Ligand code: URA
């Protein structure tokens with residue numbers, strides 16, 4: 001390991017064999033954390049060549065379980081988002097794409113941060129279970145084209161160990177390390193093709209568009225080199241997606257969107273991502289044709305029906321999908337009124353996320369309990385005009401003390417302008433190779 005660290009420190013390229021061996025030994029616990037940390041720092045400064053990044057990704061993907069989905073007929077297309085505030089895309093996209101006939105066999109996480117991950121959100125349905133056996137998972141996808149299971153403990157364990165180290169050694173934000181970390185989990189999860197939603201803006205991991213594009217290109221290159229057709233969309237995360245932030249509130253917005261009456265922005269994002277999924281899944285030959293199929297799943301209620309069928313098949317009570325008043329509700333709902341007048345110029349996404357965290361909607365540590373009922377409903381978004389006293393947002397909470405702190409945080413997230421404000425486009429770019 002000493003020689004490898006020195007080699008990388010001096011800017012030389014590591015071979016595939018060296019990287020594979022290093023990851024194998026690290027996973028077994030044969031390489032101490034201090035040496036691996038030094039290696040991560042060397043990579044941070046020297047970067048990695050395309051071949052090295054691919055070797056690292058493959059080694060991490062193969063460090064644990066690699067799901068074999070060959071018993072599922074059809075081309076399995078997975079989607080991954082680099083994350084953001086109010087991102088409930090999977091809840092709308094997966095049933096829509098499944099209803100259009102592309103199998104969705106998805107592994108999702110719980111997430112650490114301002115709201116829960118997809119799994120936490122789905123647990124808003126009483127009884128919902130993501131702890132599926134591989135057999136049930138495959139059977140459900142074959143029978144109704146859709147299943148979501150929790151990430152198995154042994155999915156890319158090398159990445160889990162490495163990420164924990166990077167997190168405490170200031171080596172997370174290196175492009176090749178991020179790309180290989182994300183893609184190793186996607187490759188191990190077994191999909192044939194992958195659509196990536198890479199976010200950019202104040203609520204995204206990659207604040208600058210150029211960085212988001214570089215990350216997208218790196219991940220697309222890895223996916224294609226690993227034999228999985230991969231496409232990335234760069235989409236906007238400079239303000240929360242849609243109107244709801246918080247677990248149950250987001251599930252309700254997803255249901256509204258599946259009924260065609262939710263957030264237009266969320267629906268548009270799902271049409272765009274879904275169209276690429278249908279093309280990769282060979283159900284459509286171009287974007288126009290794919291979009292028509294997806295619009296049909298919404299207009300005819302097929303996507304909503306698919307969602308209900310999926311919730312029930314995984315042990316959840318689907319009743320609240322049709323009677324939203326049955327969802328757990330927060331005990332206090334308060335308005336946040338504007339103290340300024342003007343056009344909303346910016347909504348600092350991360351701060352809205354922190355507001356949800358204060359209310360109890362997210363996890364600060366991996367053992368924190370989430371309150372599924374709390375969150376924020378945005379009433380004014382970028383470009384809207386607000387007079388003094390107009391409602392900017394509704395806070396849903398269960399503690400007056402937390403509400404007070406959250407209100408302050410939310411007010412601080414808004415910036416106003418006296419002149420008209422143009423909204424940023426929802427899509428910035430599509431990267432295919
Ligand atoms: N998400 C991941 O899974 N890995 C990273 O390195 C960064 C974000």
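Pull out all pairs, ordered by first then second residue, where Cβ-Cβ is under 7 Å, the residues are six or more apart or on different chains, the first lies in region 172-187 and is in contact (Cβ under 8 Å) with a residue 12 or more places away in the chain, and the second is near the ligand (Cβ under 8 Å from one of its atoms) and part of a helix (DSSP H, G or I).
177/166; 181/159; 181/163; 184/159; 185/159
Just the residues that are out of contact with any strand residue (DSSP E or B) (no Cβ under 7 Å at 6 or more places or on another chain), in a loop (DSSP other than H, G, I, E, B) and surrounded by fewer than 22 Cβ atoms within 10 Å (Cβ to Cβ), please, taken from region 349-370.
Result: 364, 365, 366, 367, 368, 369.
Restricting the search to region 44-71, which residues are modelled with pLDDT of 95 or more and in contact with a strand residue (DSSP E or B) (Cβ under 8 Å, 6 or more places away or on another chain)?
Scanning region 44-71 gives a single hit, 64.
With the requirement that a residue be touching a residue at least 60 places away in the same chain (Cβ under 8 Å) and more than 16 Å from the ligand (Cβ to nearest atom), what does region 63-73 give you?
If the condition is that a residue be touching a residue at least 60 places away in the same chain (Cβ under 8 Å) and more than 16 Å from the ligand (Cβ to nearest atom), then 65, 66, 67, 68, 69, 71, 72, 73 are the ones that fit.
Only residues that are over 20 Å from residue 297 (Cβ atoms) and more than 15 Å from the ligand (Cβ to nearest atom): list them for region 74-99, please.
Of everything in region 74-99, those that are over 20 Å from residue 297 (Cβ atoms) and more than 15 Å from the ligand (Cβ to nearest atom) turn out to be 85, 86.
Looking only at region 315-336, which residues are out of contact with any strand residue (DSSP E or B) (no Cβ under 7 Å at 6 or more places or on another chain), on the phi < 0 side of the Ramachandran plot and touching a residue at least 24 places away in the same chain (Cβ under 8 Å)?
Within region 315-336, 316, 317, 318, 320, 321, 324, 327, 328, 329, 331 qualify.
Would you say residue 60 is in a helix (DSSP H, G or I), away from the ligand (no atom under 14 Å from the Cβ) and in contact with a helix residue (DSSP H, G or I) (Cβ under 9 Å, 6 or more places away or on another chain)?
In short, no.
The values are calculated or read from the model by the stated rules, or taken from the named source; none is laboratory data. Computed from a prediction, not measured in an experiment: that's the story for all the values here. Quick reminder, even Gly has a Cβ in these numbers, built from the backbone with ideal geometry, and neighbours come from all protein chains shown.
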